[in-house]
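So the structure is just underneath, and the comments pick up after that.
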Amino acid sequence: MTPVSPETPAEVKAPAFCKKTIDIEAGTVTWTFGNGTTRTLVFDDLDDATKIHCGLHGVSQKGGDSYAAAGGDYAFAIAALDATLQNLHNGQFNANRSSGEAAPKGTGELAQALVRLNLMSMEQAANLLAGADAATLKALRANGEIKVAIAELRAERARAKAAATPAGEGSLTSVLAGLQG
């Protein structure tokens, strides 16, 4: 193998398959594919029934996204959906972030960890984390107690998944039997 010299150019990252751009002021959505092809939809060109359908579909998706990390925890899911619906009623579509600040990672595990540590209820954790900025979420995730609680939660989920795996579908027994051939 030939060693890489410092002069070797960095690996070029492939373009995204498709980038979607929403322009609120123009009332358009543009899809730009990695091969340069673009398509644009002008919202005002749609009939009223289709506009309503698009809006309701979007609200449904946004609501579902809000509790996607709930992991089966109803209290977290309901609190996350309530916070999202309240934001929409307040005219706020996007979370409060500084310009250029990335969206924070999902907070489902973090909320579950706070509950596991007996610090608060799931509803309190979800509401607290919904208002937290990215730096606070990062500091919480870096906390040793939180890391242990998250590791325990992940281990429990992995055990449950393993227990639910049928004997012939990638179970430890079937994998070991394949090795022993």
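Only the coordinates and a few stated rules stand behind these numbers; no lab work does. Quick caveat: nothing in here was measured; it's all calculated off a predicted structure.
Each residue of the stretch 35-45 was assigned a 3J(HN,Hα) from its phi angle through the Karplus curve 6.51 cos²θ - 1.76 cosθ + 1.60 (θ = phi - 60°); the sequence is 8, x, 5, 10, 9, 10, 10, 9, 4, 5, 6 Hz, with glycine and proline shown as x.
3J(HN,Hα) couplings calculated from phi for the stretch 81-87 with the Karplus curve 6.51 cos²θ - 1.76 cosθ + 1.60 (θ = phi - 60°) are, in sequence order, 5, 4, 5, 5, 5, 5, 4 Hz; Gly and Pro show x. Residues whose amide H falls under 5 Å from that of residue 18, counting only those 5 or more places apart or on a different chain, are 34, with hydrogens built in the peptide plane. Do any of 20/51; 13/51; 19/161; 19/147; 62/138 go past 27 Å between their Cα atoms, and which? Check vs 27 Å cut-off fails for 13/51; 19/161; 19/147.
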